[in-house]
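Heads up, the thing below is written out as structure tokens.
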Amino acid sequence: MKIICIGRNYAQHAKELGNAVPSKPVVFLKPQSAILSHKHPFYIPTWTQVVHHEVELVVKINRIGKTISERHAHRYYDEVGLGIDFTARDVQAELKEKGHPWERAKTFDGSAVVGGFVPLTELGKPVDDLAFTLHNHDQMVQSGNSSDMLFSVDRLIAEVSTFMTLKMGDLIFTGTPAGVAAVQPGDRLTGRLEGRELFAVNVK
Ligand code: ZN
């Protein structure tokens, strides 16, 4: 399986990092080894000083597809979840400056928190109108709604599948809303989708 990540998919987040709003989705990958094992704490790597949390709606692909039209994209998923795209922001800034790929900043072990998945039928709401939050202990640190995405889930599936075959079990991290910030040892990050808690991660 692969983890497809979308960058700069919310205008307010692009702005907070000083990035332009893209005309096409910004796409990068995380390896399977990036997934934080269930119930494991997240250990801040020793080689970075600034790891940001990025809470994101995650879509699970349920069948193989290539060059999927936006109109048919909804047939390729029926469950959504929530995750964190942990990002070593200091390392990423260095790489961006040099025009190098982001992998060192985005693909490290534990950098992909994947919470539980919920069938869309159970949520009873369209994929383009889902509210989600990230709390650090009792304080809300990020809040988003998929209706604010620059590129909708169906559009992302159409765009990505023009150049990459999507397979069953692939995950799409759909981008983070504004509010990214550095994590510290002792943080406890809890993600909720439409009020349902889908993950809780202790930072060490
Ligand atoms: Zn992200």
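The values are calculated or read from the model by the stated rules, or taken from the named source; none is laboratory data. Small disclaimer: the values here were computed from a predicted structure and weren't measured. Cβ placement follows ideal geometry from the backbone for every residue including glycine, while neighbour counts extend to all protein chains displayed. Surface accessibility is based on the protein's heavy atoms, side chains included, excluding ligands, DNA and RNA. Shrake-Rupley method; radii C 1.70, N 1.55, O 1.52, S 1.80 Å.
Data overview
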{"item": "Per residue accessible area in Å² of the chain, where ligands, DNA and RNA are left out and the probe is 1.4 Å", "result": "47"}
{"item": "Carbon plus sulfur fraction of accessible area for the range 52-204, probe 1.4 Å, in percent", "result": "47"}
{"item": "Alpha carbon Rg of the chain, scaled by the compact-globule rule 2.2 N^0.38 Å", "result": "0.95"}
{"item": "Two-site FRET efficiency, residue 96 against residue 168, from Cβ-Cβ distance with R₀ of 45 Å, rounded to 0.05", "result": "0.85"}
{"item": "In the range 63-117, the GluC sites (Glu not before Pro) that fall in loop regions by DSSP, at most 15 other Cβ within 10 Å", "result": "none"}
